[in-house]
Every structure is written in C-alpha cells, then in structure tokens.
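One structure is given below, encoded as structure tokens.
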Amino acid sequence: VQLQASGGGSVQPGGSLRLSCAASGGTFSSTTMAWFRQAPGEDREFVAAIRWRSGTSYATPSYAGSVKGRFTMSRDNAQNTVYLQMNALKPEDTAVYYCAATKPYRGIILSQLSSRLEYEHWGQGTQVTVSS
C-alpha cells in the first residue's frame, strides 16, 4: 500500500486545514487508517484513527485527547482516501502529519489503536505550521 498525504500548510491560531491521504495498491476498505504527528524533537504521536471491524464496517473514529472536539477524521472508500479536518488550530498542533495503514484484514483492538507498531504502511508526511 502506498500512502500520499497532502493538505498541510501554514495557518494562524484558530484557523483550519484539511489533510488528505490517498491510498493505492492495497485493499483500502478493509484497513484501519490513522493519523500521527511528529513535532521537532518529539516522538511521533497518535492523532486519530478509524478502526476497521469487518467487511465495510468501521468503528467510530478515535482521537487523542489533545485534539478531541477540534479534529475530525473521515474516510471515503470510493476515493481510497482518508481526511483529517483540523479546526481551532493551536501552535502546539505544529508538526509533520503522517497517515498510516495496517495490513488489510488485520484486526486491531481499541487499546492498541494508538501504537505505531500496529501500522505497516506510512505516508511521507505533510507539514502543518500554526503560528501568528
């Protein structure tokens, strides 16, 4: 699976951005997809995920506490794309954002959703800068 993230940029605090991640070469509809981010000098951290359950059934999106209520993750299986709508952006949201995918048909329990080790495929990252 190849992942291509886009949509990053520079915004002022309180602004919005929508990231996209297009997948190719795999069974997208049967894959758990996630967003992670990495700020300079920090570890890569979980942001959001949509967990695959079975067939084309998915769990409600899960979010890190720091973005809950501000970020919304969605997926469009017809376009093989996931999105991350980011509102009310803060300077601490500044980071490179990566999309990630598990192997197709791989079940993943909720408590492991935020672990980088669960994801086999990673996109190249897109920079988000929030600054006045």
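The values are calculated or read from the model by the stated rules, or taken from the named source; none is laboratory data. Being a predicted model, the structure only gives us computed values, none of them experimental. Heads up, the Cβs are rebuilt from the backbone with ideal geometry, glycines too, and the neighbour counts pull from every protein chain shown. Calculation scope for accessible area: heavy atoms of the full protein, side chains included, ligands and nucleic acids excluded. Shrake-Rupley method; radii C 1.70, N 1.55, O 1.52, S 1.80 Å.
First compute the accessible area of the range 61-132 with a 1.4 Å probe, then give the percent of it belonging to carbon and sulfur atoms.
Roughly 48 percent of what the probe reaches on the range 61-132 is carbon or sulfur.
Run through the range 1-109 and list the GluC sites (Glu not before Pro) located in a DSSP loop whose Cβ has at most 16 other Cβ atoms within 10 Å.
Sparse-neighbourhood loop GluC sites (Glu not before Pro): Glu42.
Mind putting a number on the dipole of the chain about its Cα centre? Charges go on the C-beta only, +1 for Lys and Arg and -1 for Asp and Glu, and I need it in Debye to the nearest 20.
300
Normalised by the number of residues in the range 1-55, what is the relative contact order in percent for Cα pairs under 8 Å and 6+ residues apart?
Taking the mean separation of contacting Cα pairs over the length of the range 1-55, I get 28 percent.
Please give the per residue accessible area of the chain, computed with a probe of 1.4 Å over protein heavy atoms only, in Å².
48
With θ set to phi - 60° and the Karplus curve 6.51 cos²θ - 1.76 cosθ + 1.60, what are the ³J(HN,Hα) couplings of the range 108-124 in order, to the nearest whole Hz, using x for Gly and Pro?
For the range 108-124, the Karplus curve yields 9, 7, 4, 5, 9, 4, 8, 8, 4, 5, 7, 10, 9, 10, 10, x, 7 Hz.
Compute the relative contact order of the chain as a whole-number percentage, counting only Cα pairs closer than 8 Å that sit 6 or more residues apart in sequence.
Relative contact order comes out at 36 percent.
Mind checking the range 74-132 for trypsin sites (Lys or Arg not before Pro) that DSSP puts in a loop (not H, G, I, E or B) and that have at most 11 other Cβ atoms within 10 Å?
Passing both the DSSP loop test and the Cβ count: no residue.
Compute the normalised compactness of the range 29-132: alpha-carbon radius of gyration over 2.2 N^0.38 Å, N being the residue count.
Against the compact-globule rule of thumb, the ratio is 1.04.
Which order do Ile109, Ile50 take when ranked by solvent-accessible area (1.4 Å probe, heavy atoms of all protein chains), largest first?
Ile109, Ile50
Report the extension gain between Lys68 and Arg44 in nm, rounded to one decimal, defined as 0.36 nm multiplied by the number of residues separating them, less their alpha carbon distance.
Stretched fully, the Lys68-Arg44 segment lengthens by 6.9 nm.
Using a 1.4 angstrom probe on the protein heavy atoms only, could you order Trp35, Trp52, Trp122 from most to least accessible area?
The ranking, largest first, comes out as Trp122, Trp52, Trp35.
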